[in-house]
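Peer 1: Please see the structure below; I have some questions.
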Amino acid sequence: MKINQLFFYIFLGLILGCGNEKKEPKKFTYQRTQSPDQVVSKEINETPVDLNNKGIGPIKKVVFTEKTDPVLVENGKSIFNSKCTACHNINRRLIGPPMKGIYDKRSPEWVMNIILNPDEMLKKDPIAVALLKEYNNIMMLNQNITEDQARALAEYFRTL
């Protein structure tokens, strides 16, 4: 019986002794090194501003009124929230560029044409091709948006 009690206390001691140890989570560190031929400055990666480029597609001219149209803005916001937010954020980069200040970099025609005709634009338009490279060659999906919906999105982007 004494041997059984001895094994019992040893077993009990092992169980109690193992359960109270606090383990720190493992921390992983890494260093990123680049050879001279891999170093690319941020200026080279950023897509140039071009307000004269109208893009490739059906939209040849967009004229904004002085004030935004509240109905178009609401429609555009709804479309943006349902079709665009998986890849675009208003204020920061995601899979695609942020929308705030888009008209400081692109013409309204270009914006509407990339929405309506992303497949051709990503192949032939120099700004779209540069953006594709800047955003890791992730293609913008064709959401089959109508011209009216694209116009609503364009109006919404004015309010950001």
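The values are calculated or read from the model by the stated rules, or taken from the named source; none is laboratory data. Predicted model only: the values in this text are computed from it and were never measured. No Cβ is skipped: glycine too gets one built from the backbone with ideal geometry, and neighbour counts run over all protein chains shown.
Peer 1: Considering only the range 127-155, state which residues are more than 18 Å from the chain's Cα centre (by Cα) and either on the phi > 0 side of the Ramachandran plot or assigned to a helix (DSSP H, G or I) (or both).
Peer 2: ASN144, GLU147, ASP148, GLN149, ALA150, ARG151, ALA152, ALA154, GLU155
Peer 1: Which residues, taken from the range 27-66, are aromatic (Phe, Trp, Tyr) and at pLDDT 90 or above?
Peer 2: Across the range 27-66, the qualifying residue is only PHE64.
Peer 1: Also, quick follow-up: Can you confirm whether LYS77 is of a type in the set (D, E, K, R), modelled with pLDDT under 95 and surrounded by 14 or more Cβ atoms within 10 Å (Cβ to Cβ)?
Peer 2: no
Peer 1: Given the options ASN89, ASN113, ASN81, ASN75, name the one that is out of contact with any helix residue (DSSP H, G or I) (no Cβ under 9 Å at 6 or more places or on another chain) and part of a helix (DSSP H, G or I).
Peer 2: Exactly one residue qualifies, and that residue is ASN81.
Peer 1: Is at least one residue of the range 82-96 in contact with a His (Cβ under 7 Å, 6 or more places away or on another chain), closer than 21 Å to THR47 by Cα, surrounded by 14 or more Cβ atoms within 10 Å (Cβ to Cβ) and not hydrophobic (A, V, I, L, M, F, W, C)?
Peer 2: Checked the range 82-96: at least one residue is in contact with a His (Cβ under 7 Å, 6 or more places away or on another chain), closer than 21 Å to THR47 by Cα, surrounded by 14 or more Cβ atoms within 10 Å (Cβ to Cβ) and not hydrophobic (A, V, I, L, M, F, W, C).
Peer 1: Still on this structure: Any residue in the range 138-160 that's under 13 Å from VAL62 (Cα atoms): show its pairings with residues that are not in a helix (DSSP H, G or I) at Cβ separation under 7 Å, as long as the two are six or more apart or on different chains.
Peer 2: GLU147/PRO58; ALA154/VAL62; GLU155/THR68; GLU155/ASP69; ARG158/PHE64; ARG158/THR68
Peer 1: Among the residues of the range 121-144, is any of a type in the set (Ser, Thr, Tyr) and either modelled with pLDDT of 95 or more or loosely packed, with under 14 Cβ neighbours inside 10 Å (or both)?
Peer 2: Scanning the range 121-144 turns up no residue that is of a type in the set (Ser, Thr, Tyr) and either modelled with pLDDT of 95 or more or loosely packed, with under 14 Cβ neighbours inside 10 Å (or both).
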